[in-house]
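The values are calculated or read from the model by the stated rules, or taken from the named source; none is laboratory data. What you see is a predicted model, and the numbers here were worked out from it, not measured in a lab. Note that each Cβ is placed from the backbone with ideal geometry, even for glycine, and that neighbours are counted across all protein chains shown. When the accessible area is computed, the model is the full protein with side chains, heavy atoms only, and any ligands, DNA or RNA have been set aside. Shrake-Rupley method; radii C 1.70, N 1.55, O 1.52, S 1.80 Å.
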Amino acid sequence: LKEQAASIPAWIEPFTPIDVISLTQFVNAAFPLLDLSSKLTPGAGSNQFALAAARTSTGHPILSIDPHLGWNGQDGGIIWQEIAVYTPDIQFRGVAIPGLPTGVMGHNARLAWSMTNNNPLLYTIYNVKTNPENRNQYSYHGRWKEFKTEKIVMRYLENGQLKSNEVNTKRTEWGPMVPFSNRSVRLAVPDPTATIEQGLQMLRARNCREFRDALKRRGVSMWNFVFADIEGNIGYQYNAFVPKRDESSDWNKTVAGDDPKSEWCELWNMDELPNVTNPKSGILVNCNSSPNLTPLGEPLRQSWPINVSSYGPTTRWERLSSLLIATRRISPDRAKQIATDCSVPYALQ
């Protein structure tokens, strides 16, 4: 900021570590917040695939990274920028969110990784029951708790000027009350310091095992991860900062906050969530599709509650899978052609 002082807006200062932490929280919460406001547009999404060394013409793995986010911040404020990080122990090139100190997708000298949206249920909407004898209390899973009030300063940019507005909010143990409603929302958001620490560990990972170990830090809220290393390994991990929930309730709907069964339990750990390393087919494909379908030719024979994974097959997955399985050894040039294929099979019928 000091070096670029002459070319940046004055309102950026002061910029502190708190701003970095806040941005990290925003990135983790952005997609569940978008899901709360509206469902994903049908047909939109991201693609990724990995080919083991035995499936390529070069004898080295190939990873395709194809996130379908815009470059202008229309996807919930998420903007990509190309980034390179070179230190004595990190050699990374890829993309990042402006303001974050780590890369999001890309490669270092030994490993590459990609991500697609996997749509776990990272929030719960609670109906809040107020105590009829004390309007300042509500039922928290059958126990009376006091509402908390908090004054929040909302800052916004208007005509190049940074302005602010103070609002009073009522909060529960789950989170803030929805305005003009008897509902409250709880978000499953990781500790932002864990997000930054995990991001650095991912940049330093030397192989698929170390990369998956980094994911176990639980610093990232969601996403399907597909990765490959120079040792010839490929891997997939369904990542979700999602709690275990009582399966007798429909968590896609508003649940009763006074019901003891509506309380969250511990997180699903990474070994319990869908994952595979070096599938027999040598092909991993995920296009916002079900984790069971990611290893081609050998579906994962596991099941998870709908609030952990809700996607099924997608037309993009069907098209990519058919192209990848058709050729025994795929060259880098052919992989690029497949990654950029825009045929719509249903349009040919």
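With every protein chain left in place, what is the accessible area per residue of region 95-251 in square angstrom, probe 1.4 Å?
Details: 7410 Å² over 157 residues.
Accessible surface, normalised per residue, equals 47 Å².
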- Query: For the chain, modelled as a GNM with alpha-carbon contacts under 10 angstrom, which of Arg334, Arg245, Arg316 fluctuates the most?
  - Reply: Arg334
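With only Lys, Arg, Asp and Glu charged, each at its Cβ (+1 for the first two, -1 for the last two), find how big the charge dipole of the chain is about the Cα centre; round to the nearest 20 debye.
Numbers: 36 positive and 33 negative charges, 77 e Å.
About 360 debye.
Within the chain, what whole-number % of the accessible surface is contributed by carbon and sulfur, with the 1.4 Å probe and all protein chains included in the calculation? Intermediate results must be reported in sequence, preceding the final value.
Numbers: 9700 of 18440 Å².
Heavy-atom surface of the chain belonging to carbon and sulfur, 1.4 Å probe: 53 percent.
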- Message: If the elastic network links every pair of Cα atoms under 10 Å, which of Pro332, Pro305, Pro291 fluctuates the most in the Gaussian network model of the chain?
- Response: Pro305
- Show the residues, 5+ positions off or on another chain, whose built amide H is closer than 5 Å to the amide H of Gly282. none
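Which FRET efficiency value, to the nearest 0.05, do you get for Ile18 and Thr327 by plugging their Cβ-Cβ distance into 1/(1 + (r/R0)^6) with R0 = 56 Å? The partial results should precede the final answer.
On the way: r = 51 Å, r/R0 = 0.91.
So the FRET efficiency works out to roughly 0.65.
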- Item | Using θ = phi - 60° and Karplus 6.51 cos²θ - 1.76 cosθ + 1.60, couplings along region 314-327 (whole Hz; Gly, Pro as x) | 10, 5, 5, 5, 4, 5, 4, 4, 5, 6, 6, 6, 6, 10
- Please give the residues of region 106-149, grouped as numeric ranges, whose backbone N is less than 11 Å from a label point set 7 Å along the Cα-to-Cβ vector of Thr254. 125-129
- Determine ³J(HN,Hα), in whole Hz, for all residues of region 221-230 in sequence, where each value follows from phi through the Karplus function 6.51 cos²θ - 1.76 cosθ + 1.60 and θ = phi - 60°; x replaces Gly and Pro. 6, 7, 5, 7, 10, 10, 8, 8, 10, 6
- Message: To make sure I understand the rule: partners must be lysines, Cα under 29 Å from the Cα of Lys151, and not fewer than 8 residues away in the same chain. Which ones qualify?
- Response: Lys129, Lys163, Lys170
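Tell me the relative contact order for the chain as a rounded percent, counting alpha carbon contacts under 8 Å between residues six or more apart. Display every interim value, and only then the final one.
Values: 683 pairs, mean separation 68.9, N = 349.
The value is 20 percent.
Given a Förster radius of 45 Å and the C-beta distance between Asp271 and Lys163 as r, what FRET efficiency does 1/(1 + (r/R0)^6) yield to the nearest 0.05?
On the way: r = 48 Å, r/R0 = 1.07.
Efficiency computed from Cβ-Cβ geometry: 0.40.
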- Item | Table column - 3J(HN,Hα) (Hz), region 131-139, Karplus curve with 6.51, -1.76, 1.60, x for Gly and Pro | 5, x, 9, 8, 5, 8, 10, 9, 8
- Note on the structure: Which residues qualify? For Asn118, with a placed amide H closer than 5 Å and at least 5 residues away or on another chain, they are Trp223, Asn224
- Among Pro295, Pro279, Pro132, residue whose mean-square fluctuation peaks in a GNM of the chain (springs only between Cα atoms under 10 Å): Pro132
- Message: Just checking my list (1) 20.9; (2) 27.3; (3) 22.2 against Kirkwood radius over Cα pairs in Å computed from this structure; which label fits?
- Response: (3)
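Sorted by accessible area (1.4 Å probe), largest first, how do Phe211, Phe15 line up?
On the way: Phe211 0, Phe15 100 Å².
Per-residue accessible area, sorted high to low, gives Phe15, Phe211.
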- Message: Between region 176-198 and region 254-294, how far is it from one alpha carbon centroid to the other, in angstrom?
- Response: 20
- Query: For region 175-276, what's the relative contact order in percent, using C-alpha pairs closer than 8 Å and at least 6 residues apart?
  - Reply: 22
